[in-house]
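Read the structure below first, then the notes.
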Amino acid sequence: MESSFIQTTMALGLPSKKASSRNIAVERKNLLTVCRFSVKTLLEKYTAEPIDDSSEEFVNFAAILEHILSHRFKGPVSWFSTDGQRGFWDYIRIACSKVPNNCISSIENMENISTARAKGRAWIRLALMEKRLSEYIVTALRDTRTTRRFYDDGAILLREESSVLTGMLIGLSAIDFSFCLKGEGIDGKTPAVIDYTPYLKFTQSYDYLSEEEDRESVGGSSSEDSSPEHPYLPLLTDEESWYSKWRKMEQKFRIVYAQKGYLEELVRLRESQLKNLEAENKRLTQRLSEQGEQGLQEKHQLEGVILELQEQLHSYLSTEHLSAELSLSSESQRGEGKQDAEPWGPIGKDPTPSMLGLCGSLASIPSCKSLPSLKSNECLVSNSSETSPTGSPS
């Protein structure tokens with residue numbers, strides 16, 4: 001009895017695991033497909049006016065993205081967050097903290113937003129206004145350790161389909177969004193519901209079908225007995241098939257054109273920033289050269305001042321040396337003059353004033369007698385000595 005019960009349980013258990021894995025795969029496929037359709041709808045709707053919460057296309061896209069980020073979400077510890085609701089905000093808050101100039105702290109400080117679900121919805125709107133939604137998700141996916149801690153196996157963010165998701169979200173950077181973060185759309189009390197009816201028209205051109213399946217579906221529609229493979233795929237004529245292909249190419253062209261416009265705007269922004277940096281660099285280079293020339297001029301001026309001071313110092317030293325030599329020479333000359341004037345008396349005075357009388361007496365001697373004869377004539381000396389002092393020669 002027990003063995004039959006165990007066999008029955010095992011038989012029922014194996015199909016249930018396969019069914020659960022199939023259901024998870026179908027959920028991933030459905031969410032990614034409607035997300036791609038939603039992005040296309042937003043790109044088609046966008047004109048010059050920004051998209052806000054009043055747009056049904058955006059409301060549906062926000063609900064789809066919320067379901068994708070909540071797919072197989074388990075939370076850090078339990079299935080529920082601190083406020084009793086499952087929310088992907090706890091994962092975004094940690095995994096996107098490394099994004100430069102992120103908006104995480106701004107959302108945390110909002111007073112009117114308290115639940116994790118409301119914070120997650122506010123983050124989606126703020127990231128779209130910043131045109132950085134794809135950047136946030138790419139940065140979060142790089143943190144594989146945190147992603148595995150918050151999501152169960154089979155989640156979209158743990159599969160290769162996550163790269164497809166980030167690729168689709170890049171096109172939204174070409175759209176301008178404007179939201180009020182205090183509106184009713186951020187209310188975290190009601191869950192998000194996806195409306196699939198606007199995307200049923202896209203079933204005419206399945207992007208995940210191959211060209212052979214498209215040809216088979218078109219060829220099968222020509223026969224009256226055959227039935228379409230997909231229940232929502234209408235019978236197509238040749239004209240309708242060409243029209244559907246043209247619509248598909250037009251949609252792709254619009255997406256590429258929107259991305260091209262965004263990239264061109266980004267290039268223009270970078271070019272303007274580069275021009276500003278080049279002008280600033282040129283200004284700084286010119287200022288540096290001017291300061292170098294000014295410093296060189298000041299150096300030449302200082303060198304000239306130093307040379308002038310050196311010349312003045314040299315002339316001053318030579319003048320002092322010359323004056324010292326002159327003073328020494330004058331002192332030496334004075335000393336020699338004193339020694340010469342000691343036997344004869346002071347300079348400028350006649351040392352023999354009494355010789356004038358003698359010269360006058362000698363001049364009165366007859367010219368016939370010479371001075372040697374006078375010197376040798378002893379009689380003259382004796383006669384002069386014997387005469388009275390009052391007598392004078394005749």
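A few comments on the model shown:
- Cα-based shape type of the range 110-151, given that a ≥ b ≥ c are square roots of the gyration tensor eigenvalues and the cut on a/c is 1.5: oblate
- Seen through its C-alpha gyration tensor, with square-root eigenvalues sorted a ≥ b ≥ c, the range 106-191 comes out oblate because a/c lies at 1.5 or above while a/b is not bigger than b/c.
- Cross-link pairs K74/K182; K40/K189; K98/K182; K131/K260; K45/K119 - those with Cα-Cα distance over 19 Å: K74/K182; K40/K189; K98/K182; K45/K119
- Highest-first arrangement of 52-65, 115-128, where packing means the average Cβ count within 10 Å: 115-128, 52-65
- Computed from the C-beta positions of R148 and L269 and an R0 of 35 Å, the FRET efficiency is 0.45 to the nearest 0.05.
- Nearest-10 value in Å² for the accessible area of R283, using the 1.4 Å probe: 120
- Ordered from highest to lowest accessible area with the whole protein assembly present and a 1.4 Å probe, V34, V193 read as V193, V34.
- Amide H contacts of D53 (H built 1.01 Å from N, in plane; Pro and chain starts excluded): C180 sit under 5 Å, all sequence-distant by 5 or more or on other chains.
- For the range 247-302, a crude dipole built from +1 on the beta carbon of Lys and Arg and -1 on the beta carbon of Asp and Glu, taken about the Cα centre, is about 640 debye to the nearest 20.
The values are calculated or read from the model by the stated rules, or taken from the named source; none is laboratory data. Computed from a predicted structure; not experimentally measured. Here the Cβ is made from the backbone with ideal geometry for all residues, glycine too, and neighbour counts use every protein chain on show. Side chains included, ligands, DNA and RNA excluded: accessible areas come from the protein's heavy atoms. Shrake-Rupley method; radii C 1.70, N 1.55, O 1.52, S 1.80 Å.
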